[in-house]
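Each remark here refers to the structure printed beneath this line.
The values are calculated or read from the model by the stated rules, or taken from the named source; none is laboratory data. All figures in this text were calculated on a predicted structure; none of them were measured in a lab. All Cβ positions, glycine included, derive from the backbone under ideal geometry; neighbour counts span all protein chains shown.
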Amino acid sequence: MEELATDSPAPAPSDNQLPPDDVAAIDELGKTYAAFKAELAKAIVGQDDVIEKLAICLFARGHALLMGVPGLAKTLLVSSVAETFDLSFNRIQFTPDLMPADITGTDIIQETGVGGKREFEFVKGPVFANIVLADEINRAPAKTQSAMLEAMQELKVTVLGETYTLKPPFFVLATQNPVEQEGTYPLPEAQLDRFMFLIEVDYPSAEEEKEIARATTGGARPQLDHLLDGEKVMAFQSLVRRVPVPEHLYDYAVAIVRKTRPALPEAPEWVRELVAWGAGPRAVQYLILGAKARAALHGNYMASLEDLEAVAASVLGHRVITNFAAESQGMSSKKVVERLIEEMHNS
C-alpha cells in the first residue's frame, strides 16, 4: 500500500476548490489515518489493503462486508477498528436460529410501581450502537436479514409498529464465510447492495503467518488507544463529501457501471454473454464516494482516476451477477470486474 506522507503533504492544485479550513482538515485526516494504521498494527499483522478499505467505508459513511474463510482474523480486525474509536460497539453472532428481536430489541412488561400497574417498555437490542459487528452475517435466515437491512439503509428499526432511530455515526461491519461452507445462506442481492464494499480477506504471506504465530502465542493482546470520538468522525465524513471530483471521473464511474449491464448497448459483447445482472445506480455513488475518501486519507485535495480504480473492484464485485455460462467458464464476478477495469484503463 502507498505510504502516506504526513510531514510535508503535497500542495493543493491550482484549481483546488477547497477552502483553507478544509485543506487543513484533510491534512489532519491524513495524519489521523497514519495513526489509525499504526494502532491497528499492534493487533493485526499485514492486511494493509483491507485496513485501507475499511477506513474508506468508515469515512465515506458506508457499510463494509468482509469475506474470507474462517481463521483469517476478520472478527479481530473489526473489533480492533472499533477499539481505536471512542464509539459504542456491539457484536452480534449470527446463527440460523437468530430472530429479528435478538437484533433490534423488543418490548417487555414492566411494573410502574403505581398500584401494581404494568406497561410495555422497549429494551434496545445490540444494533443500537455506533459500530455493529455482524459476525458471520450469512448464517442467519431471511427474516432476520430483513431487520438488519432496515437498520443499514434507514438508520432505524421498527418493533411492533413503533420506529426507533439509530444514533449516528452508525456502521455495520459484517463478516461472511464463503457460501460454499456448510450452514450458510447467500445474502439477498438487495442486502448486498447496501454494503459499500465487499472486501476479500486473503491468506497471509509466509512471513506474516510466522509473525502472527509469534504475536498470538506470547503475552496478552495489547490495548489500543482511542483516536476519534463520534463528533470528529462525523466531521471527517462531512469533509469527505466536500472533496472535489473532476468531471471526467463522473463520466468514468457512469461508463464502467453501465458496461456491467448486459441489456444496454454500452455493454461489451462478452459481458452480454456472461452477466445476468449488472450494478445499479448505488454503485456510481459509491465509486465517487470511495474515490473521495481514498484521496482524503492519502492527504490529497482532489479525487483522481487512481483513487477511483483502486475502489472499483470492491464496489462492483458483489453487484455484478454472473450467469451459468460464466460459471461453466470459471468466470467469477470478480474476474468480470477486473477485466472491465483493465479495458477501461487501456481505452
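Things worth noting here:
- Residue in segment 259-281 that is under 24 Å from Leu58 (Cβ atoms) and outside any loop (DSSP other than H, G, I, E, B) present: yes
- Qualifying residue in segment 311-321 (condition: surrounded by fewer than 15 Cβ atoms within 10 Å (Cβ to Cβ) and either outside any helix (DSSP H, G or I) or out of contact with any Gly (no Cβ under 6 Å at 6 or more places or on another chain) (or both)): no
- Matching entry among Ala255, Ala283, Ala325 (being buried (at least 20 other Cβ atoms within 10 Å of the Cβ) and in contact (Cβ under 8 Å) with a residue 24 or more places away in the chain): Ala283
- Candidates are the residues of segment 145-164 that are touching a Lys or Arg at 6+ places or on another chain (Cβ under 7 Å) and surrounded by fewer than 14 Cβ atoms within 10 Å (Cβ to Cβ); the one that is farthest from Gln93 (Cα to Cα) is Thr163.
- When segment 286-320 is limited to residues that are among the acidic types (Asp, Glu) and in contact (Cβ under 8 Å) with a residue 12 or more places away in the chain, the one that is farthest from Arg242 (Cα to Cα) turns out to be Glu309.
- Scanning segment 47-86 for residues that are in a loop (DSSP other than H, G, I, E, B) and either in contact with a Ser or Thr (Cβ under 7 Å, 6 or more places away or on another chain) or modelled with pLDDT of 85 or more (or both), we see that the one that is surrounded by the most Cβ atoms within 10 Å (Cβ to Cβ) is Ala60.
- Selection status of Glu111, among the charged types (D, E, K, R), in contact with a Lys or Arg (Cβ under 6 Å, 6 or more places away or on another chain) and more than 20 Å from Leu297 (Cα to Cα): yes
- Annotation note: of Gly105, Gly71, the sole residue that is at positive phi and touching a Lys or Arg at 6+ places or on another chain (Cβ under 6 Å) is Gly105.
- Considering segment 58-109, the residues that are among the charged types (D, E, K, R) and free of Cβ contacts under 8 Å to residues at least 60 places away in the same chain include one that is nearest to Ala134 (Cα to Cα), namely Arg91.
- Of all residues making up segment 189-231, the number that are closer than 21 Å to Leu133 by Cβ and either of a type in the set (Lys, Arg) or in contact with a strand residue (DSSP E or B) (Cβ under 8 Å, 6 or more places away or on another chain) (or both): 15
- Count of segment 22-44 residues which are part of a loop (DSSP other than H, G, I, E, B), surrounded by fewer than 19 Cβ atoms within 10 Å (Cβ to Cβ) and in contact (Cβ under 8 Å) with a residue 60 or more places away in the chain: 1
- Residue in segment 136-144 that is surrounded by fewer than 20 Cβ atoms within 10 Å (Cβ to Cβ), out of contact with any Leu (no Cβ under 9 Å at 6 or more places or on another chain) and either hydrophobic (A, V, I, L, M, F, W, C) or not assigned by TED's automatic domain parsing to the domain that holds Leu316 (or both) present: yes
- Checking Phe128 against (1) touching a helix residue (DSSP H, G or I) at 6+ places or on another chain (Cβ under 8 Å); (2) at pLDDT 80 or above; (3) in a loop (DSSP other than H, G, I, E, B); (4) buried (at least 16 other Cβ atoms within 10 Å of the Cβ), the condition it does not meet: (1)
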